[in-house]
Amino acid sequence: MLRIASVVSLLAVACASPKTAEVPVPGAPAAQPAPAVVEQGQAYSGHGLESVPPEILEKFAPKTPPPDIAKHVQQMVELYGPGAGLLTPDAKRLVFTWRVSGQQQVWRIDGAKHFPVQLTSGDDRTFVEAITADGKTLVVSRDVNGEENPGIYLMPVSGGALKAVQHVKGVQTRYHTLSRDGASLYFTSNDAAKDSYVVYRYVLATGAREALYSGPGLWSVSDVRDDGTLLLRKAVGSLPSEYWELPPGATEPKHLFGQGENVEYEAVYGRPGEILVQTPKVGEFRRLYLWKDGTLTPLSAETSHDVAGFIVDEDKKRLVYHVNEGGFTRPFVMVARGKTWQAEPTTFLPKADHVEVVSLTRGGRYGTATVDLGDRPPATLVIDFSARKTETWHEQSIPEIDTASFVASKLESFPARDGAAVPAFVRRPKQCVSSLCPVIIEFHGGPEGQYMGGFNGTAQLFVDAGFVHVAPNVRGSDGYGKTYLAADDGAKRLNIITDIEDAALWAKKTFAVGGVEPKIGIYGGSYGGYSALVGMTMFSGAYDAGVSVVGISNLVTFLNNTAPYRRVLRISEYGDPEKDHEALAKLSPSTYIDRIRAPLLILQGANDPRVPVGEAVSMYNAMQLKKLPAELMIYADEGHGASKRGNRVSMVGNSIRFFGQHLR
C-alpha cells in the first residue's frame, strides 16, 4: 500500500492544423499479434515485441553513450540501496530485493551487516513477495524482459531451485497474500480474459489450484481471514475501487463499500469485525479509518496532508501509517489495546527525508524500514518496537563516488498563469549559483505520481553534468489533496496542461544570470514522457531540447493499443477514445507536430505493454516526414523503462549526451 518501423505516425494528424486536426480511431488490436504497418503515413496496431519487425529493432538499436559519460553513469547506477525486504518470523533473517548484480534479484542476510547471500539470478526482474508462517519458504515473482506478465514461484529460504506456481507467456499472474497458517497462497490471473482477473487459491503442500471467483472485473485479494473469507478489491478506475467479501464456498461476493461511488479506497482486515480503510472520501485528504457496520471512524488525525499508505501485522496488533508531508514521508505507529487503537511514540526512529516502515512480523514486534537521508541511497533498518530501538542491517554501496558533491533537493514553487502555486523540487549545482547553466525540467509519470524529496540518482547525474534539475508536481499530481489530484481528469486536462509551459517560463527567469536566460530541456518517462512531447509540440519554443522515455504521442492510438487491463484504468483518467475523441486529439502531441522546432530524443522499450512501441515510432516518423531533428532508440529486451544495468546506463547516458549536445 505504500507508495517506474511497423508503427508510424498518422500523416493526416501530423500535418494538420491544431484547430482542425482529426485523429482517426483505429480498430481493435488484431487477435493475432503481427507487424501491422510497414510504410509511413499509416496507423499501427498492437503492442509488445510481436508488433515490431526485426529490421526496425536493428535500425533503432540503442547507441553506446560517450565513454566519459557512460563511466560516470555506471558509477551512479552502482549506488544500489537494497530493498527493505521481509524478516523471517523469528526476526533472524532478512530476505530482500537488490539490483547490485545488474538486475533486481532476491537476496538473504542472516543478521545485521552479515555478508548477503544471493538466492536468485539471471536477466529477469525477480522480487520477494512473502515468507510462509514457518519461515521456510519464499514466494517470489519474476517478469521476463519487462513484459509485465509475471509468474509466481516458491523456493526455500535456505536457497535452491524455483518451483512454479504459475507462469504463462502473455498472462499476468500476480501474488496477493498467504493464509495465516501459510498453507494456501492466493493470486489472480488474466488467463481467462485479458481484461479481467480470476481469483485463485493454491495449496502449497499439494500444488492443487482452485478458481474461487471468475466474475468479470479487475479483481485482487486484499486480505484473508482465518476462516478463509477473502476481502476482494475491484479496481474501477485508475484510483477508484470497490470492496467485496467472499466467504468460503460462496459463488458470488458480497458488496461492502465503494460500489457506484467512484471513490479511492485501500483496505485490509483489522481486528474482528473491523476493516482498516484509507480513503479521501470524507475530506480533502486521505485519512485512515475503521470501517464497521457501514460506518467510517477516523483513526489518523485530520491534517492538510495525505496518509500515503499503511501496513498492519498479521495478528492485527500493530499498524503503521505514513503521512506525505509535501513530498517527505513520516511514519506514525498505533497498537491495539482493548477495543481501541492507541498511538505509540516514534521518537526513537531516525529523522530523515523519508522513513518508511515496509513490513511487520506477526505480532508486530519487529519491522523493516528504509531511511532516506537525501544525500545517499536509502539504508535498511530492522526495528524492535518493544525495545524501541533500531539496527542498521545494510550499508549503502557507494563505489568511487564522493557523496560530498551531492546536492540535496530544495522545495520551491512557481506560479501558473492562473495564479495557482505549483510545487517543484530544485537541485542547483554549486557552480550554477553565479554562472549561467542549462536547466533540465523533469516531469514525473502517473499522471497521478508525485516527485518526492530525498535521494535521486538520475537527478544527481544531471547535476554532476552541470545542469540545474527541476522536478515540478504539476496539477494532477498526487500528495496535495483530491482536488489537486483530479484537476487533470478527462477534458479538464486542457485547462491545466499549460503548467508544462509555465514551468519553462519560470525557469528562464529564475535561473537567468546577468539578464541572460538559460537554455531549457524537458525530460520525463511514461506520463512524464508524454509531458516532454507536449512541451516540445504544443508549447514549441518553451523548450530547447527534449527527451521522452516511453511517452505517449497520441492519446487515441495509445488507448486503443495499450494492454486491455490498462485500457480500462486509463480511460477513467484520460477519457474515452470515442466519446472524448475531440478532447483527446487536442491533448495529443502528434496533433501539434507542425509546431515542433527543437531536437528530440525518444527512448522506448519494445516489450512495453503500457505505452506501445508504436507511440515512439509514430512520433519519430512524423518528425522525419517534416525533416525535423530526432533520434529514436528501441530496447528489444525492456518494457516500460529500463531495468537491466546496461540499458539503464544507455538510457540515462544518452539523455545526458543529447542534452549536452543541444543545450550548451
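Details
- Only residues that are aliphatic (A, V, I, L, M) and either assigned to a loop (DSSP other than H, G, I, E, B) or more than 19 Å from Y451 (Cβ to Cβ) (or both) were counted across region 476-504, and they come to 3.
- Among the criteria (1) at pLDDT 95 or above; (2) under 23 Å from G273 (Cβ atoms); (3) of a type outside the set (A, V, I, L, M), the one E210 does not fulfil is (2).
- Here R233 fulfils each of the conditions (1) part of a loop (DSSP other than H, G, I, E, B); (2) over 26 Å from Q118 (Cα atoms); (3) not hydrophobic (A, V, I, L, M, F, W, C) apart from (1).
- Any hit, region 433-443, residues being assigned to a loop (DSSP other than H, G, I, E, B), at pLDDT below 95 and touching a helix residue (DSSP H, G or I) at 6+ places or on another chain (Cβ under 8 Å): no
- Matching entry among D499, D464, D488 (being assigned by TED's automatic domain parsing to the domain that holds I602 and over 27 Å from G541 (Cβ atoms)): D464
- Any chance S655 is surrounded by 20 or more Cβ atoms within 10 Å (Cβ to Cβ), hydroxyl-bearing (S, T, Y) and under 16 Å from V52 (Cα atoms): no
- Complete set of residues in region 618-631 that are closer than 12 Å to A598 by Cα and assigned to a helix (DSSP H, G or I): M623
- Looking across region 231-269 at every residue that is of a type in the set (G, A, S) and surrounded by fewer than 18 Cβ atoms within 10 Å (Cβ to Cβ), the one that is farthest from D489 (Cα to Cα) is identified as G249.
- Sole residue being at pLDDT 95 or above, crowded, with 16+ Cβ neighbours inside 10 Å and either under 29 Å from the mean Cα position of the chain (by Cα) or part of a strand (DSSP E or B) (or both), chosen from V358, V371, V407: V358
- Enumeration of residues in region 597-612 that are more than 26 Å from G146 (Cα to Cα) and touching a strand residue (DSSP E or B) at 6+ places or on another chain (Cβ under 9 Å): A598, P599
The values are calculated or read from the model by the stated rules, or taken from the named source; none is laboratory data. Since this is a predicted model, take the numbers as computed values, not measurements. All Cβ positions, glycine included, derive from the backbone under ideal geometry; neighbour counts span all protein chains shown.
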